[in-house]
Amino acid sequence: MGIDLGTSSTLVYVKDKGIVINEPSLTVLNTRTDQIVAVGEEAQKMLGKTPEHLVITRPIEDGVISDFEVTEKMLRYFIEKVHRESWTLVPRPRVVVSIPMDVTEVERKAAEDATIAAGAREVHLIESPMAAAIGARLPIQEPTGHFIVDIGGGTVEIAVVSLGGIVTRRTIRSAGGEMTASVIQYIRENFNLLVGEKTAEQVKIKIGSVIPLREPMEMRVQGRDLFSGLPKELALTDAHVRDAIEKQVRQIINHIKQTIELSPPELVADIYRSGILLTGGGSLLRGLDKRIYNETQIPVALSDDPITAVVRGTGIVLEDIDLLADVLLPPAQDFFLRR
């Protein structure tokens with residue numbers, strides 16, 4: 001079983017079956033009973049609509065586990081859901097989990113322990129950009145540089161991959177979730193309208209862009225007027241969203257440039273020929289590939305189905321774990337034993 005444990009969504013790949021789960025990384029906790037009452041899609045339906053005793057939490061923040069117990073319960077739910085729908089699976093699967101590049105040993109250990117506690121018999125960790133490169137079918141083990149930009153909900157990970165390893169890397173702990181927050185703030189400051197996270201996410205997806213569009217787009221949103229306290233409707237355009245998320249887009253482009261500057265010259269030459277590959281849900285922003293090309297003059301391509309690139313990579317590793325063992329991270333507990 002391969003798992004892309006993301007800030008926004010968790011995807012699960014099962015050997016010989018493909019991707020079987022793609023659900024939000026959300027849980028609903030009943031504070032009266034201290035029980036998880038909803039996970040994934042069911043939890044998302046409750047977003048912004050819960051009474052006081054039901055609390056919606058994101059147990060994964062910036063790509064790493066922020067709440068161990070809730071993460072364990074969420075993973076257990078997803079693993080058991082796979083078992084219910086695919087009864088032929090072994091009860092305790094071997095699992096490959098993708099994690100961000102710049103996590104600490106403690107954070108790696110937390111990911112391993114949570115997965116074991118959730119029902120796995122064996123856990124292997126792989127860095128998300130490496131998994132994305134494998135999922136995109138790049139020849140990562142050849143002596144050629146490949147430039148990956150994985151834009152997720154909690155992190156943007158930029159990596160130059162060659163000979164089965166990451167040569168140059170940068171991580172931005174500000175990604176799709178931060179863009180959504182910027183949309184909420186922009187609407188509040190410019191239109192005195194308070195909208196929820198779910199609405200802002202829909203705005204970003206449906207009309208978000210990073211370059212002017214040939215045909216402007218518009219979307220009507222509803223929220224609470226900050227002056228009257230009453231419901232109010234507003235027409236937003238793609239230009240409004242562009243202004244709202246410009247800070248995050250500029251940050252991504254600057255970090256791409258800095259990663260190129262830090263890369264060995266021979267690999268930069270490879271990157272100039274092979275281009276930049278975009279993966280992750282954030283890469284679907286309209287015009288992002290063109291914007292990056294305009295500012296770097298390096299060809300930019302969008303991965304096929306960028307949202308699933310990482311989990312597909314974990315699945316490929318799972319199918320041939322002996323051949324691709326070199327791309328996996330060493331177990332975190334080995335670090336503690338050495339200490």
Region 104-126, residues that are in contact with a helix residue (DSSP H, G or I) (Cβ under 8 Å, 6 or more places away or on another chain), surrounded by 15 or more Cβ atoms within 10 Å (Cβ to Cβ), in a helix (DSSP H, G or I) and not small (Gly, Ala, Ser): 108, 109, 112, 113, 115
Residue check, residue 82 buried (at least 21 other Cβ atoms within 10 Å of the Cβ), out of contact with any His (no Cβ under 6 Å at 6 or more places or on another chain) and not assigned by TED's automatic domain parsing to the domain that holds residue 231: no
Enumeration of residues in region 48-66 that are closer than 18 Å to residue 197 by Cα and either at pLDDT below 85 or part of a strand (DSSP E or B) (or both): 48, 54, 55, 56, 57, 60, 61, 62
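Yes or no, residue by residue, for (1) in contact with a strand residue (DSSP E or B) (Cβ under 9 Å, 6 or more places away or on another chain); (2) more than 13 Å from residue 248 (Cβ to Cβ); (3) not assigned by TED's automatic domain parsing to the domain that holds residue 61:
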| residue | (1), (2), (3) |
| --- | --- |
| 145 | yes, yes, yes |
| 153 | yes, no, yes |
| 181 | no, no, yes |
| 216 | yes, yes, yes |
| 219 | yes, yes, yes |
Residue within region 216-224 that is assigned to a helix (DSSP H, G or I), β-branched (Val, Ile, Thr) and surrounded by 15 or more Cβ atoms within 10 Å (Cβ to Cβ) present: no
Filtered residue count, region 288-331, keeping only those that are of a type outside the set (Ser, Thr, Tyr) and more than 22 Å from the chain's Cα centre (by Cα): 15
Flag if residue 72 is closer than 25 Å to residue 132 by Cα, within 21 Å of the chain's Cα centre (by Cα) and assigned to a strand (DSSP E or B): no
Selection within region 228-242 - surrounded by 15 or more Cβ atoms within 10 Å (Cβ to Cβ) and hydrophobic (A, V, I, L, M, F, W, C): 234, 236, 239, 241
Output for region 275-305, where each listed residue is assigned to a helix (DSSP H, G or I) and touching a strand residue (DSSP E or B) at 6+ places or on another chain (Cβ under 6 Å): 282, 283, 289, 292, 293
Matching option when the condition is among the β-branched types (Val, Ile, Thr), outside any loop (DSSP other than H, G, I, E, B), in the same structural domain as residue 144 (by TED's automatic domain parsing) and over 16 Å from residue 171 (Cα atoms), among 271, 252: 271
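The values are calculated or read from the model by the stated rules, or taken from the named source; none is laboratory data. Only a predicted model underlies this, so the values are computations on that prediction, with no experimental measurement involved. Every residue, glycine as well, gets a Cβ built from its backbone with ideal geometry; the counts of neighbours run over all protein chains shown.
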